[in-house]
1. Hey, among the residues in the range 89-102 that are without any contact (Cβ under 8 Å) to a residue 24 or more places away in the chain and surrounded by 12 or more Cβ atoms within 10 Å (Cβ to Cβ), which one's nearest to the chain's Cα centre (by Cα)?
2. Quick one: is V91 part of a loop (DSSP other than H, G, I, E, B), within 18 Å of F28 (Cβ to Cβ) and not aromatic (F, W, Y)?
3. Just to check your reading of the model, which residue among D19, D54 is touching a Ser or Thr at 6+ places or on another chain (Cβ under 9 Å), modelled with pLDDT of 95 or more and loosely packed, with under 12 Cβ neighbours inside 10 Å?
4. Please find, among L105, L121, the residue that is under 15 Å from D20 (Cα atoms), at pLDDT 95 or above, surrounded by 15 or more Cβ atoms within 10 Å (Cβ to Cβ) and aliphatic (A, V, I, L, M).
5. Can you find a residue that is without any contact (Cβ under 8 Å) to a residue 24 or more places away in the chain, part of a strand (DSSP E or B), out of contact with any Leu (no Cβ under 6 Å at 6 or more places or on another chain) and under 15 Å from L38 (Cβ atoms) anywhere in the range 130-138?
6. Give the range 19-69 a look and list any residue that's within 19 Å of V137 (Cβ to Cβ), assigned to a strand (DSSP E or B) and within 17 Å of the chain's Cα centre (by Cα), or say none.
Amino acid sequence: MIYTQLGTDKYVLRLESGDDILQSLQQFAKTKRLGASLLEGIGSLSKVKLGHYDFKTKQYSYETFEDDLEILNLSGNIASMNREPLPHVHVTLGRRDFSVIGGHLDVGSSANMVEIGLRRLPGKLVKAKDAEIGLNVLQLGRRI
């Protein structure tokens, strides 16, 4: 992974062949001490592990795809959980036949080449397990 910093709160990262997307984002966030960030990206994956959450069973089901997949949209955030950076990323991918797949990105998703724009937010975002939902959710302080 290589990167450049644009101003005080913006970064552009380039993940290279074989880089795991979530592990790279976690490493970058740890190195730069990012407490809260938003991100988006483009590029291509050689392997992707996608998840889909079932709210009835409160479990993810996963499927791995190994092919050259074009990233049509990659977006997410980085918060912290248990004092460690926790990237949460969703992706929409195009196949060679122009069909589309997408879902929750999991560890084990490898770049051919991925470019990510990352914006550091002021403050800190924290996630914790919500027993009712069954997911790690942002702990926010205000309700409307």
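The values are calculated or read from the model by the stated rules, or taken from the named source; none is laboratory data. All values reported here derive from a predicted model rather than from experimental measurement. Glycine gets a Cβ as well: all are built from the backbone with ideal geometry, and neighbour counts include every protein chain shown.
1. So, considering only residues that are without any contact (Cβ under 8 Å) to a residue 24 or more places away in the chain and surrounded by 12 or more Cβ atoms within 10 Å (Cβ to Cβ), the one nearest to the chain's Cα centre (by Cα) is H90.
2. no
3. Result: D54 is the single residue among D19, D54 that is touching a Ser or Thr at 6+ places or on another chain (Cβ under 9 Å), modelled with pLDDT of 95 or more and loosely packed, with under 12 Cβ neighbours inside 10 Å.
4. Matching residue, one of L105, L121: L105.
5. No: zero hits.
6. S37, L38, L39, G51, H52, Y53, Y60
Here is a yes/no grid of residues against (1) surrounded by 14 or more Cβ atoms within 10 Å (Cβ to Cβ); (2) in contact with a Cys (Cβ under 9 Å, 6 or more places away or on another chain); (3) among the charged types (D, E, K, R):
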residue	(1), (2), (3)
L6	no, no, no
L13	yes, no, no
R33	no, no, yes
A36	yes, no, no
E40	yes, no, yes
